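Structure first, commentary second.
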Amino acid sequence: MPDKNPYEVLKADVLEVIEESPTIKSFYLKPEKPFEFATGQFIELSLPGIGEAPFTPSSSHYETEKMWVTIMNAGFVTNEIHKVKKGDVMGIRGPYGKGYPLDKFRGKDVLLLGGGVGLAPLRCLLQTMIHDVKDYKSITVCFGARTPADMIYKDQIDEWKAVEGIHHLCTVDKCPDGVDWNGKTGVVTVLLDDINIDPKDAIAIVCGPPIMMKFGTFSLLDKGLKPENIYLSMEKKMYCGFGQCRHCVMGKYYACKDGPVFTYEQIKDEEKIWD
Amino acid sequence: MVVSKSDLIKFFDTIQSKFDVFVPYQTERENDDLVFKKYDPDKEFILDKYRTVDPVRTLFYMPSESVLPPSAKSNKRIIAGVKNCDLLGLAVLDDALLKDNFVEPNYKIWRDSSYIISCDCTDTLQTCHCVLLDNNPYPNNDTEGQALFDLNLSPVDDKFIIEVGSKKGEELIEKIKEVCSLAEVTDKDKEIREANRAEVLKKVRDINSDFTPDRHYDVITENKEASVWKDFCNECVQCGACTNICPTCYCLILNDESTKEEFRKVRSWDSCQLVGYAEVAGGGTPREHRWETFRNRYQCKYNFMKFNFDKLGCTGCGRCISACPAEIDLREVIQSLQEV
């Protein structure tokens, strides 16, 4: 039996495309066969003839027949992906990396701190946790964006707020005059002033732009969270997804196969983790 | 066992109808460079002397290959005249590409279909420095005591002592026996082999007498801000020759060459020394300065790979020194760091 080719690609039909914000779209994909993954693992999504890039699905791992992937137009490949329409065909391969260690989150206060497109993997985690919401002591969601127009998943906020055990807070860096906004104003860390969790035992999962992750982490440490309880999603250049292209090497770790989620404790001494 | 050189030639002449045979030949340029080429019965090959210009990696991990679907061919191959620095290089690649849950499809095919006949060095190049890495100019076993070759040849006058290192080696011995007779190794043969080995070992040591053999590699990361990096990288033009010529480098980029009919991925060599290597879509990069890029190769070879595979990514072949257009000598870089 030959080894499975790790580059094997599954065809995925694009069922729907949603414009989440001026720069972010979500794609609803149906792989040619059910695609199992663990929450927090990532896939390589390819646009035939153009290229591929790594993304964490933004839907729960309980959903294997179809998946949502939320993508910001940030470079060559994502710019082309943003031109994809319902009915087009893409390719997915994976899953790669380690998922979130949900076992370590159960019974605890769990805080999701996200900014911008960093909400995508956190939405996957949140949907998975909602499935088993009673397993967690509390779930607090703190989401930030630059402006109300940049806030993604707005239409789901009421749905999340309705789930018992979930506290949802959001903020924008600034709100232009005349725009309706019910949340706070200020960078995402301002939300941390309003939350009521036991910092010694709480778990925080942080995902967003590097600067937000950096200051988010520092604020959480100030609040008394332990470095080993702060989970960070590392964004690095990647090609293969499984530890062979070496592009994502962070010192002794590979962001792909040892991550993409690391605790702050694991990587705090590695070089330039915020760049 | 002992085989005469003329019998070995007879073996290659016969086996080449069934196996693709690769052996080192002198280049046609006016120097003493050796390169692996397909066996040609009309040309004189050189199994001993020193390492080839290109690492043997280039026969297992091509500059560009389709990985989906895999393009490697499973024709059986014999690659003879491989030196210890290249055996050690393959051991690193085996760890990186075969031993995890994800197996590199082409490398696996090339590796499985190949029989490696290594040979002791009998001479050195000015850049050879295996001794500084505690390696020898003849095979040393891996950390588990396993031989890294299928057969090894030690030149003794006009014959070779053959050592068997693996099951594949035993298979080859049977094939050799089909075309020629093998003699037993005499004490005299062994004596000559040991004398030859001692002589070449001394030669590599003499070439490297300016460098301390007691090298510490923690200093690379410990002194990551040292001026050594800035000083040496002044001359670096970021061409990537040092990584392309390295027996253990395997960084890759993937290109999607899918058509409407099928998905197709092509992998090509990449180099951490090239501009933009680690840059992400938003423009962020963990290595902003040229000296950080320059330093990365040293950290990767001596620190990261050691952590990843419990092996150094430098085998002491010295090819990066020969290939560098700026004449940067990595021995000098390491030496300077010892003295920081």
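Please treat every number below as a calculation from the coordinates, not as lab data. Quantities reported herein were computed from a predicted structural model and do not represent experimental measurements. Neighbour counts run over all protein chains shown; Cβ positions are idealised from the backbone, glycine included.
Quick check for me: using +1 on Lys/Arg Cβ and -1 on Asp/Glu Cβ, what's the dipole size of region A:81-164 about its Cα centre, in debye to the nearest 20?
Its charge dipole is roughly 320 debye.
When Lys and Arg each count +1 and Asp and Glu each count -1, what net charge do the other residues less than 11 Å away from A:Gln266, Cβ to Cβ, add up to?
Around A:Gln266, the charge tally is -3.
Would you mind computing, in nm to one decimal, how far apart the modelled labels at A:Lys174 and B:Asn101 are, each placed 7 Å from Cα along Cα→Cβ?
About 4.6 nm separates the two model spin labels.
Using a Debye calculation, one point per C-alpha and no hydration shell, please list log10 I(q)/I(0) for region B:1-104 at q = 0.16, 0.17, 0.21 Å⁻¹ in order.
Results for region B:1-104 at q = 0.16, 0.17, 0.21 Å⁻¹ read -0.84, -0.93, -1.24.
Amide H of A:Thr185 versus every other amide H placed in the peptide plane: which residues, excluding those fewer than 5 positions away on the same chain, fall under 5 Å?
Counting only residues 5 or more places away or on other chains, the set is A:Val172.
Starting from the coordinates of the alpha-carbon atoms of region B:2-207, obtain the Kirkwood hydrodynamic radius over all distinct pairs and give the value in Å to one decimal.
Value: 17.7 Å, from the Cα pair sum.
Go through region B:283-289 residue by residue and turn each phi into a ³J(HN,Hα) via Karplus (6.51, -1.76, 1.60, θ = phi - 60°); whole Hz please, and just put x for glycine and proline.
x, x, 8, x, 10, 6, 9
If you wrap a convex hull around the alpha carbons of chain A, what volume per residue comes out, as a whole number of Å³?
So the per-residue hull volume is 136 Å³.
Using only the alpha carbons of region A:164-275, what is the convex hull's orientation-averaged projected area in square nanometres?
9.1
Cut-off is 10 Å between beta-carbons; in what order do A:Met238, A:Met90 appear when sorted fewest neighbours first?
Listed from fewest to most nearby Cβ atoms, that is A:Met90, A:Met238.
Please compute, over every Cα-Cα pair in region A:65-170, the percentage with a separation greater than 18 angstrom.
In whole percent, the share of Cα-Cα pairs in region A:65-170 beyond 18 Å is 57.
How high is the relative contact order of chain A, given as a whole-number percent (alpha carbon pairs under 8 Å, six or more residues apart)?
17
Which shape class applies to region A:102-233: rounded if a/c is under 1.5, otherwise prolate when a/b exceeds b/c and oblate if not, where a ≥ b ≥ c are the square roots of the Cα gyration tensor eigenvalues?
Since a/c reaches 1.5 but b/c is at least a/b, the shape of region A:102-233 is classed as oblate.
What ranking of B:Tyr217, A:Tyr100 emerges when the number of other C-beta atoms within 10 Å of each C-beta is taken as an exposure proxy, fewest first?
So the residues, fewest neighbours to most, are B:Tyr217, A:Tyr100.
How much net charge surrounds A:Arg123 when only other residues with a Cβ under 13 Å from its Cβ are counted (Lys, Arg +1; Asp, Glu -1)?
Residues near A:Arg123 contribute -3 overall.
Let me know the charge dipole size of the protein assembly as shown about its Cα centre in debye, to the nearest 20, where only the beta-carbon of Lys, Arg (+1) and Asp, Glu (-1) is charged.
Once rounded to the nearest 20, the dipole reads 680 debye.
Please compute the modelled spin-label separation between A:Asp13 and A:Glu228, points set 7 Å along Cα→Cβ, answer in nm with one decimal.
4.9
Dividing the alpha-carbon radius of gyration of region B:218-338 by 2.2 N^0.38 Å (N being the number of residues), what value is obtained?
The reported ratio for this selection is 1.17.
So for A:Glu271, A:Glu44, B:Glu174, fewest C-beta neighbours within 10 Å to most, what's the order?
Ordered by Cβ neighbours within 10 Å, fewest first: B:Glu174, A:Glu271, A:Glu44.
Could you tell me what a quarter of the Cα convex hull surface of region B:57-117 works out to, in nm² with one decimal place?
In nm², the orientation-averaged hull projection of region B:57-117 is 4.1.
If you only keep lysine pairs separated by 8 or more in sequence, or across chains, how many in region B:218-338 come under 19 Å at the Cα atoms?
The number of close lysine pairs in region B:218-338 is 4.
Residue-wise, which Karplus ³J(HN,Hα) couplings in Hz belong to region A:15-22, taking 6.51 cos²θ - 1.76 cosθ + 1.60, θ = phi - 60°, and x for glycine or proline?
8, 6, 10, 10, 8, 7, 7, x
Given the protein assembly as shown reduced to its alpha-carbon atoms as identical point scatterers, what log10 I(q)/I(0) does the Debye formula return at q = 0.07, 0.09 Å⁻¹?
Log10 of I(q)/I(0), two decimals: -0.52, -0.80.
From the cross-link list A:Lys154/A:Lys226; A:Lys137/A:Lys200; B:Lys49/B:Lys73; A:Lys11/A:Lys236; A:Lys25/A:Lys86; B:Lys83/B:Lys203, which pairs have alpha carbons spaced over 22 Å apart?
Long pairs (Cα-Cα over 22 Å): A:Lys154/A:Lys226; B:Lys49/B:Lys73; A:Lys11/A:Lys236.
Only bridges with both residues in the protein assembly as shown count here: give the DSSP antiparallel percent, nearest 5.
Looking only at bridges with both residues in the protein assembly as shown, the antiparallel portion is about 60 percent.
Let me check against my output: what whole-number percent is the relative contact order of region A:10-96, with C-alpha pairs under 8 Å and at least 6 apart?
It rounds to 39 percent for region A:10-96.
Among all cysteines in chain A, which have no other cysteine Cβ under 4.7 Å from their own Cβ?
A:Cys124, A:Cys142, A:Cys170, A:Cys175, A:Cys207, A:Cys248, A:Cys256
Report the FRET efficiency, 1/(1 + (r/R0)^6), for B:Ile9 and B:Lys168, where r is their Cβ-Cβ distance and R0 is 30 Å, rounded to 0.05.
That pair, B:Ile9 with B:Lys168, gives E of 0.90.
What is the mean number of Cβ atoms from other protein chains located within 10 Å of the Cβ atom of each residue in peptide A:46-57, rounded to a whole number?
If you average over the peptide's residues, the count of other-chain Cβ atoms is 3.
Test of understanding: what is the full-extension gain from B:Ser74 to B:Ser113, defined as 0.36 nm times their sequence separation minus their Cα-Cα distance?
That pair, B:Ser74 and B:Ser113, stretches by 13.5 nm at full extension.
Hey, can you rank B:249-256, A:26-33 by average C-beta count inside 10 Å, highest first?
Those peptides, ordered most packed to least, come out B:249-256, A:26-33.
Cα-based Rg (one decimal) and Dmax (whole number) for region A:10-96, in Å?
Here Rg and the maximum Cα pair distance are 11.6, 32 Å.
Measuring from centroid to centroid over Cα atoms, what is the spacing of region B:166-187 and region A:1-24 in Å?
Region B:166-187 and region A:1-24 have Cα centres spaced 52 Å from each other.
By how many degrees, between 0 and 90 and to the nearest 10, does the Cα long axis of helix A:210-223 differ from the longest principal axis of chain A?
Once rounded, one gets 40 degrees.
I want to check the label-to-label distance for A:Leu221 and B:Ala195. Put each point 7 Å from Cα in the C-beta direction and report it in nm to one decimal.
Simple spin-label model gives 6.6 nm for this pair.
Show the residues, 5+ positions off or on another chain, whose built amide H is closer than 5 Å to the amide H of B:Lys37.
B:Val23, B:Tyr25
Quick check: the distance between the Cα centres of region B:228-244 and region B:279-322, to the nearest angstrom?
Here the answer is 11 Å between Cα centres.
Past the 19 angstrom mark, what percentage of all C-alpha to C-alpha distances in region B:171-244 do you count?
72
Expressed as a rounded percentage, what relative contact order does region A:20-59 have, with Cα pairs under 8 Å and six or more residues apart?
28
Give the residue list of trypsin sites (Lys or Arg not before Pro) in region B:1-49 that are DSSP loop and have at most 16 other beta-carbon atoms within 10 angstrom.
Passing sites in region B:1-49 are B:Lys18, B:Arg29, B:Lys43.
Looking at chain B, send over the antiparallel percent of its DSSP beta bridges, to the nearest 5.
The antiparallel fraction comes to roughly 70 percent.
Within the set of other residues whose C-beta is less than 14 Å from the C-beta of A:Lys137, count the net charge using Lys and Arg as +1 and Asp and Glu as -1.
-1
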